Every structure is written in C-alpha cells, then in structure tokens.
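Remarks on the structure that follows.
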Amino acid sequence: MASRELRIGEVASRSGVSIDTVRYYERLRLLPSPPRTEGGFRVFTMAAVARVQFIKQAQELGLSLDEIKTLLMTGGARECRRVRDLLRAKLKDLDERIRLMQEFRQTLFTHFHACEQAINDQGDAAECPVMVTIGRAEVPREKRK
C-alpha cells in the first residue's frame, strides 16, 4: 500500500469519526466509493479525510445530510445555483443564531455583573439579584404593589 493510501480505520481516526460513520457516508454517496485492493480493502486518499471532516463540520453547523449531499455535488450552473441558494439560506440562519447568541451573552454578562456588584457591596449578606429578578418575574402583575 502506498504511503498516500489510507485504509478505512485511518480515515475514521484522522477524521474523528467511527468506521461505521465512514461506511454510512459511503452508502449515502456523500463519500465516493474508493478503489479496493486485491484483498478487498478500501483504499482512500487524504481527500476522503478532508471530505469527512467537512461533512461533520457542516452537520455541526446544522446542515442535514441531504443538504450536505447537495453541497458536495459537482455539476453545471443549475447545481451551482442550488448550492448558492442553500448556502444563502444557511448563512441567514447562522447569522440569526449568532445574533441570538450575542444577545443572550449580553444578558448573561449583565447578570454576572449584577452578581459581582452585589457580592462586592454586601459580601455574605448579598441577595442574588438574578434570583430576585426571576422571583419578581414569576409573581403575577396584579400582586406586585
């Protein structure tokens, strides 16, 4: 076996997935079927490792395997437009998720700062301002007076 050729276990190990995952991707045609040795072993290249890593990263970002398959297709302008449209939609979704995460981070930072201030000002006698705020939010409006 040449040094640039990898067996399925090496592809799995280098990609951070199981052998079953590599086989699954091959069955779904996300990963092209590699040539086999005379002994029947699959022989992959480093391109397969890169492709599996791309698939896993795309899944982590919320793309389905069908969407990933579309991204991995090669073809003419028609396929390119479909890929472009899919990427545009995913970028929009990702931008919205980032925006929401940034807003939530700001909320957590505000709560953190309030806790720090209460502890610095009142020490062991401090009441947690976050818990006080949450407690008030649970009381119906007509009872708050």
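Would you kindly state how much longer the chain becomes between residue 95 and residue 13 on full extension, computed as 0.36 nm times their sequence separation minus their alpha carbon distance, in nm to one decimal?
Values: separation 82, 0.36 × 82 = 29.52 nm, distance 3.19 nm.
Answer, rounded to one decimal: 26.3 nm.
Once both axes come from the Cα atoms, what is the angle between helix 46-60 and the longest principal axis of the chain, in degrees from 0 to 90, rounded to 10?
Rounded to the nearest ten degrees, it is 30.
So if we plug the beta-carbon distance of residue 84 and residue 133 into 1/(1 + (r/R0)^6) with R0 = 41 Å, what FRET efficiency do we get, rounded to 0.05? Walk me through the numbers before you get to the answer.
Details: r = 45 Å, r/R0 = 1.10.
With a Förster radius of 41 Å, E is 0.35.
For the chain, just say rounded, prolate or oblate: build the C-alpha gyration tensor, square-root its eigenvalues into a ≥ b ≥ c, call rounded for a/c under 1.5, and beyond that prolate if a/b exceeds b/c, oblate if not.
On the way: a/c = 4.12, a/b = 2.38, b/c = 1.73.
Prolate, because a/c is 1.5 or more and a/b exceeds b/c.
Counting other beta carbons within 10 Å of each Cβ, put 91, 72 in order, fewest first.
Working: 91 10, 72 16.
Lowest count first: 91, 72.
How much length is gained if the chain between residue 47 and residue 102 is pulled fully straight, taking 0.36 nm per residue apart and subtracting their Cα-Cα distance, in nm to one decimal? Don't skip to the answer; put the middle values down first.
Details: separation 55, 0.36 × 55 = 19.80 nm, distance 3.54 nm.
Here the segment from residue 47 to residue 102 would lengthen by 16.3 nm.
For the chain, with the dipole built from +1 on Lys and Arg beta-carbon atoms and -1 on Asp and Glu ones, taken about the Cα centre, which of 83, 12, 129 lies farthest toward the positive end?
It is 83, whose Cα lies furthest towards the positive end.
Name the trypsin sites (Lys or Arg not before Pro) in segment 1-106 that are in a loop by DSSP and that have at most 15 other C-beta atoms within 10 Å, would you?
On the way: sites: 4, 7, 14, 23, 27, 29, 36, 42, 51, 56, 69, 78, 81, 82, 84, 88, 90, 92, 97, 99, 105; in loops: 4, 7, 29.
Taking segment 1-106 and a limit of 15 other Cβ atoms within 10 Å, the loop trypsin sites (Lys or Arg not before Pro) found are 4, 29.
Looking at segment 56-116, which chymotrypsin sites (Phe, Trp or Tyr not before Pro) are DSSP coil and have at most 16 other C-beta atoms within 10 Å of their C-beta? Could you put the intermediate results ahead of the total?
Numbers: sites: 104, 109, 112; in loops: none.
Here no chymotrypsin sites (Phe, Trp or Tyr not before Pro) fit, given the DSSP loop and packing criteria.
How about segment 17-121: which GluC sites (Glu not before Pro) there are in a DSSP loop, with at most 12 other Cβ atoms within 10 Å of their Cβ?
On the way: sites: 26, 38, 60, 67, 79, 96, 103, 116; in loops: 38.
Loop-located and lightly packed - 38.
For the residues 31, 100, what sequence is obtained by ranking on other C-beta atoms within 10 Å, fewest first? Don't skip to the end; give the middle numbers.
On the way: 31 21, 100 10.
Ordered from fewest to most neighbouring Cβ atoms within 10 Å, 31, 100 come out as 100, 31.
Residues with beta-carbon under 11 Å from that of residue 28, excluding residue 28: net charge, scoring Lys, Arg +1 and Asp, Glu -1?
Numbers: positive: 23, 27, 29, 69; negative: 26, 66.
Charge balance in the 11 Å sphere: +2.
Report the net charge of residues surrounding residue 73, where surrounding means a beta-carbon distance below 15 angstrom and charges are Lys +1, Arg +1, Asp -1, Glu -1.
Details: positive: 29, 51, 69, 78, 81, 82, 84; negative: 66, 67, 79, 85.
Computed value for this residue: +3.
Expressed as a whole percent, how much of the Cα-Cα distance distribution for segment 1-63 exceeds 16 Å? Provide the component values of the computation, followed by the final result.
On the way: 771 of 1953 pairs.
I get 39 percent for the Cα pairs in segment 1-63 exceeding 16 Å.
How high is the FRET efficiency between residue 111 and residue 24 when r is their beta carbon distance and R₀ equals 35 Å, given to the nearest 0.05? Don't skip to the answer; put the middle values down first.
Values: r = 42 Å, r/R0 = 1.21.
Working from the Cβ atoms, E equals 0.25.
Quick note: the coordinates plus some simple rules give every number you see, no bench work behind them. Bear in mind the structure is a predicted one, so any value in this text is a computation, not a measurement. Neighbour counts run over all protein chains shown; Cβ positions are idealised from the backbone, glycine included.
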